[in-house]
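Here is the structure we will look at, set down as structure tokens.
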Amino acid sequence: MITLEVKGDEELIRKLDRLSRKVKNREVLHKRYGVAGARYVSQTFQREGRPRWKPLLPQTARAKVTKTRRRGTAHILRVRGDLARSFTWEASRLRALVGSNKEIARYHHDGTKHLPVRATLPTKKQALEEITLPITQDYVDESIRKAGL
């Protein structure tokens with residue numbers, strides 16, 4: 001554990017103490033991570049990957065065209081939108097989770113012998129750069145303003 005002891009300016013010490021109490025309530029922060037993670041997944045489906053998913057094979061695209069559905073190669077992983085809608089988020093004071101309860105989600109995300117990888121969740125680097133760091137910085141800045149520092 002890292003400890004910081006501030007001596008001297010009593011008003012500053014009180015403000016830093018208020019700030020540290022606010023940051024201890026991490027559930028607010030984790031809720032923001034969860035919302036941002038769910039938004040990331042939704043945008044990934046809309047953009048068809050980050051980076052873009054591998055296109056459907058021609059025979060797969062032909063199989064997707066029926067008398068009632070003329071989808072073809074459009075909208076990879078979104079015939080009816082069930083998979084995209086299956087992603088949810090939850091948060092607690094300990095963590096934020098984003099995921100799907102559909103088993104097929106794992107196969108598309110990780111790929112298989114017959115399915116190319118079509119990642120729906122961010123990599124650790126993407127999560128850090130696009131979700132965790134910006135939200136944490138905003139939260140700290142907001143907490144500093146509220147504490148009057």
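The values are calculated or read from the model by the stated rules, or taken from the named source; none is laboratory data. Owing to the predicted nature of the structure, the values given are computational and were not obtained by experimental measurement. Please note: Cβ atoms are built from the backbone with ideal geometry, for glycine as well, and neighbour counts cover all protein chains shown.
Applying the criterion of being on the phi < 0 side of the Ramachandran plot and small (Gly, Ala, Ser) to the residues of the range 69-85, the residue that is modelled with the lowest pLDDT is Ala74.
Screening Leu149 on (1) closer than 12 Å to Tyr33 by Cα; (2) of a type in the set (A, V, I, L, M, F, W, C); (3) in contact with a helix residue (DSSP H, G or I) (Cβ under 7 Å, 6 or more places away or on another chain) shows it passes everything except condition (1).
Conditions tested, residue by residue: (1) touching a helix residue (DSSP H, G or I) at 6+ places or on another chain (Cβ under 8 Å); (2) more than 22 Å from Ala36 (Cα to Cα); (3) of a type in the set (Lys, Arg).
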{"position": "Ala105", "(1), (2), (3)": "yes, no, no"}
{"position": "Thr112", "(1), (2), (3)": "no, yes, no"}
{"position": "Val117", "(1), (2), (3)": "yes, yes, no"}
{"position": "Thr120", "(1), (2), (3)": "yes, no, no"}
{"position": "Gln137", "(1), (2), (3)": "no, no, no"}
{"position": "Asp141", "(1), (2), (3)": "no, no, no"}
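Considering (1) touching a strand residue (DSSP E or B) at 6+ places or on another chain (Cβ under 9 Å); (2) of a type outside the set (A, V, I, L, M, F, W, C); (3) more than 21 Å from Tyr139 (Cβ to Cβ); (4) at pLDDT below 90, the lone condition that Thr88 does not fulfil carries the number (4).
Going by what's in this entry, would Pro116 be described as surrounded by fewer than 16 Cβ atoms within 10 Å (Cβ to Cβ) and either part of a loop (DSSP other than H, G, I, E, B) or at pLDDT 90 or above (or both)? Criteria met by Pro116.
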